[in-house]
Amino acid sequence: MRETSIQDILPLVQMPSRYLGCEINRIKKSWEKTQLHVALAFPDLYEIATSHFGIQILYGMLNAQEEILAERVFAPAVDMEVLLRNNRMPLSSLESEIPLKKFDIIGFSLLYELNYTNMVNMLDLAGLSFFTEQRKENDPFVIGGGPCTCNPEPVADFFDAIVVGDGEAVILQMTDAWKAWRQSDSGKREALLQHWSQIKGVYVPSFFDVSGDSVGRQRLIPKTASHQYVERAVVSDMNNAYFPSKPIIPFGKPIHDRLRMEIARGCTRGCRFCQAGMIYRPVRERQPEAVLSLVSQSLKETGYEDLSLLSLSTGDYSCITPLMKKIMEFGEEDHVAVSLPSLRAGSLTPELMELIRKVRKTGFTIAPEAGSQRLRDVINKNITEADIVKTVENAFSLGWKVIKLYFMIGLPTETQADIEGIVALVKRLKTITSQHGRSGKINISIATFVPKPHTPFQWEPQINLETAIEKINWLKKNLKLPGVHVKWQDPRVSMIEGVWARGDRKLNEVLINAWKSGCRFDGWTDFFNYDRWVAVFEESGINPRNYTDGCSDTEQPLPWDRIDIGVDLSFLRKERARAVDGKITVDCRTGSCSGCGVCDFDSLKPVSFHDKKRFFLTGTPVREAETPKTPNKYWVNFKKMDAARFLGHLEMVKSFTRSLRRARIPLKYSQGFHPMPKVSFGDTLPMGMQSEDEQMLVTLTESMDPEELIFRLRRQMPNGLEITGCSPYVRKNALELEDNQHYRVELKDGFFLQKDLDCFFGQQSVTIERKSKKGRLVVVDLKKAVSEIQLLDNHHAFMTLGTDNNLMVRPAHVMKTVFNLTDQQILAAISTKRKTNHV
C-alpha cells in the first residue's frame, strides 16, 4: 500500500499553499549531490516565518555553497498537525518533503518567547528527542539563533549549540567545522561541539553546569576554561554582509508582503526599555549607493510593488531623504510604494512625507511609549511632545488619514499621572485631526512593559496582572473618543512572556509540560490559554512571580550572565540610575560616546554616511512630463494545474501581477489613492480546482507583440501556472460566450454510483441553497444547471455544468447532492475544468 504523502493531505487543510514549497526564487538542490543538509526552522506559521528577513539571509548564504543544501520548515497549523499525526507522517521540509530527522543540522530562529511551545511541537513531529543529552549520535544537531538567545537558558537543554548575535557572521564557520568533523576520525558529537564552542558567538549549553543560590536563582558554572563566556558575533560592516537579492516570494498573505531592504543595523538612541537597541549595537549603515543598487536589482527579481526600508530607526539613517529621492526616481514610474516602518517622531519630515506619498500613502506608526515628558525622560525616549504634535500635524496636512500611536503601561516609576498623560496627549492630537475634517483617525496600541535581559531595566519588576488590567481598562474607558480606536495586547500574554524572557533552566521541563497540556501558538489570541499556563506552572512547582518580580540587587547573578552581548554591565547600572533621576543620555551618533563598551573603534565602531549627503544628492535628473499613451488590451490564456490548484484566487492574481512586473510588461495602472494594475480574470476558480484553459485580460501602456509577451511571461510563472496563448483584445459577443463548462472529476476516496445518478435524473427538480455575492441565500435547481454527467468508472466522471439563478454550479455541488459524498471526500477529489467538451 502506498504511503500517504503531503500531496495527499494538502486538499484537506485550510491553507494548502503554506506547504507547497514551490514559490518563485526558492532553491531546490540535489540531496545526493550535496554533503551537508541544513533545515532552517521557524516555530510559527508560514505567514510569519516567510516574513522573517534572517531566514532569507541564511537560506541564500547556505545555498550559495555548492556542497550545502538548505531547506525550510515552519510550524504546521493545527489542522495540518492533526493530519500529520493521524497519518503518522513526520514533519518534512518544504522544498523536497524530506523528513527533518534526515537532516544533519536543524537551525531554529527564536524571535519570540511565546513560540517556544511550537519549537517543542516541531521536534516531536520530527521524531526527535527534546533534550540534547537524549539524542543519538546519528541524530541531527539542533541549533538556535535569534534575539531570544541573549537569554537562552529557558530553552538551553533543547539545543546542542546556540548562536548569539549576527548569524551570518557565524554560520559558515559552523558548517566548515561540521565538514571537517565529518571527515575526521572522531565522529563523536562532543568533538564537533568542542570545535563549535571555540567560534565567537557560539554557546554550547552542555559545557556549563547549573547551581542555585539560597533564594533559588540559578547561575552557570563553566565545565572548561576555554568556554566561560560567549561573546556576541557581530557583522562589523554591512557593506560586506550577504544580502538576499532574490528573496523567496511567499504565497498567501505574509505579514510583510513586500521587498525588505535592511539599510542599517543597530540603534544608539538608548531607549532604556529596548532590548534590540542594546543587543544590536553599534549602528552600522549600508552605503546609500549599495542600497540603491540592491533595491533596483531585487525589485526586478521579485516584482514587488512595495518596498520597506528596514532599520531599528529608519528615519535616523544619515542619507534617508536623498536615498528616498533616488529610489523614487524609478519607484514612481514603476508604481513602487515605500514604507518606513520604524520612525521616530521628529525624523518624519514634510519632505520625507512628500516623497512617500508620491505613489501612495503608506501608513506609519509613532511610538511616544509614555504619556508624560517625565516618563519619556526616564526611559530615555529623547522625543518631546512638540516633536509628536508636529509630526502628526505634518502627516494630516499632507493628506494622511490614519496615524498609529504606540504606548506602554507599567514602565519603571510610572504613576497615574503618566497614564492620564496618554489620554491628554491623544486628545491634543485629536484636535489636529478635527482641523482636517472628520476622516482623520488615530489608532492607539497599548502593551504591558516586559523587562528584558541586557537592558538597564533588566532588574525591574513587571507590574502584576491585576494592575495591568486595571490600567488598560481605565485607558479604554477614557479613550472612547470619536475617530480614536484602541487596541491592546492581553496583559496575560505579557505576563507569560515576562516569565520566559528572564527565565532559567528550571523552565525547560515546564516547557515540555506546557506542550503536553496543549499549548501551541501562544502568541496568537485565538490559541492563547492563560488558565492552561497557570495550571502548568502550579503542576511544575514554579511561581511565575519569581521571574517577573525582578531583582533589586544589581550585584546578584542573573541567568544570562555568561552571555556577553558587548554592553558593559556597569553601563546598564549607570543608565538605570540615570533613569531613576530622570536624566537623558544622548545618541552617540550625534553626541559624545556614551561609554556602553560595545565599540573597540578598530574592528567594531559606528558606521554612517553623513558625508555622502551632498554627493548623493547631485545629478538628480528632472523627469519630463510623459505624453499619455493609448492603452492596449490583450487576452492571455493560461493553465492552472497541479500545485497551482492549491492557490486561492487572490493568491493567483498576486502571482500573475508580480510575474508581469518581473517580466517587465508595461502594465497600465488605475488612478487614485491606491493605483492597481489593470488585470482581470474571467472565472474565479475555487481553491483545489484545476483548469486547462483560463483567460486573463491585461491592459498595457503600449502595444506589444503577443509572442514576445508569452515568451517573457512564461519564464516568470510559478509551478502549475502555464501561459498557453495571447491575442489582442476583441470584445466577445453573446454568441461566443459559452454558458456551460466541462469538468473531469477524479475521486481519491468514495465512489460514483450509477444508481445515484439514475435517481437524480429521475427527479423533476433537485434544489440546493447557495449564497449570492451579496450574501443572500438563493435557491438553485441542479436539474436546470446540469447538462451532462457521464460516469467513466466508479472513480472518474465527466460533467457539463451551467448556471441557475445567475449562480454557477460546480462539481462539488454535484458530488455532495447527487452522489452523497462527504466534505472530506469532495476536498480530496481532483476537479479539472476542461478546455473542450471531450471526455
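The values are calculated or read from the model by the stated rules, or taken from the named source; none is laboratory data. These figures come from a predicted structure and were not determined experimentally. Don't worry about glycine lacking a Cβ; one is built from the backbone with ideal geometry, like all the others, and counts go over all protein chains shown. Surface accessibility is based on the protein's heavy atoms, side chains included, excluding ligands, DNA and RNA. Shrake-Rupley method; radii C 1.70, N 1.55, O 1.52, S 1.80 Å.
The table for this structure:
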{"item": "Contact order relative to length of the range 371-466, as percent, for alpha carbon pairs under 8 angstrom and 6 or more apart", "result": "35 percent"}
{"item": "Solvent-accessible surface (1.4 angstrom probe) belonging to ASP166, in square angstrom, nearest 10", "result": "10 Å²"}
{"item": "Cross-link partners of LYS783 among lysines (Cα-Cα below 21 Å; sequence separation of 8 or more within a chain)", "result": "LYS755, LYS771, LYS816, LYS833"}
{"item": "Sequence ranges 471-482, 262-273, 555-566, ranked by mean other-Cβ count within 10 angstrom, highest first", "result": "262-273, 555-566, 471-482"}
{"item": "Built amide H within the under 5 Å cut-off of VAL210, gap 5+", "result": "ILE221"}
{"item": "Rounded accessible area of VAL730 (nearest 10 Å², 1.4 Å probe)", "result": "100 Å²"}
{"item": "Span from the the range 506-559 Cα centroid across to the the range 8-40 one, whole angstrom", "result": "34 Å"}
{"item": "Under the Karplus curve 6.51 cos²θ - 1.76 cosθ + 1.60, θ = phi - 60°, whole-Hz ³J(HN,Hα) for the range 172-187, x wherever Gly or Pro sits", "result": "6, 5, 5, 5, 4, 5, 5, 5, 5, 5, 5, 8, 7, 6, 8, x"}
{"item": "Flagged links, alpha-carbon separation over 25 Å, of LYS253/LYS477; LYS633/LYS835; LYS33/LYS200; LYS102/LYS246; LYS28/LYS253; LYS28/LYS640", "result": "LYS253/LYS477; LYS33/LYS200; LYS102/LYS246"}
{"item": "Rounded to 10°, Cα long-axis angle of helix 53-63 versus longest principal axis of the chain", "result": "80 degrees"}
{"item": "Within the accessible area of the chain (1.4 Å probe), percent carbon and sulfur", "result": "49 percent"}
{"item": "Helix-only mean residue ellipticity at 222 nm for the chain, each DSSP H run of n ≥ 4 adding -39500 (n - 2.57), per residue, nearest 500", "result": "-8500 deg cm²/dmol"}
{"item": "The chain, accessible area per residue, ligands and nucleic acids excluded (1.4 Å, Å²)", "result": "43 Å²"}
{"item": "Most to least accessible of MET641, MET676 (protein chains only, probe 1.4 Å)", "result": "MET676, MET641"}
{"item": "Rel. contact order, % - alpha carbon contacts under 8 angstrom, at least six apart, the chain", "result": "11 percent"}
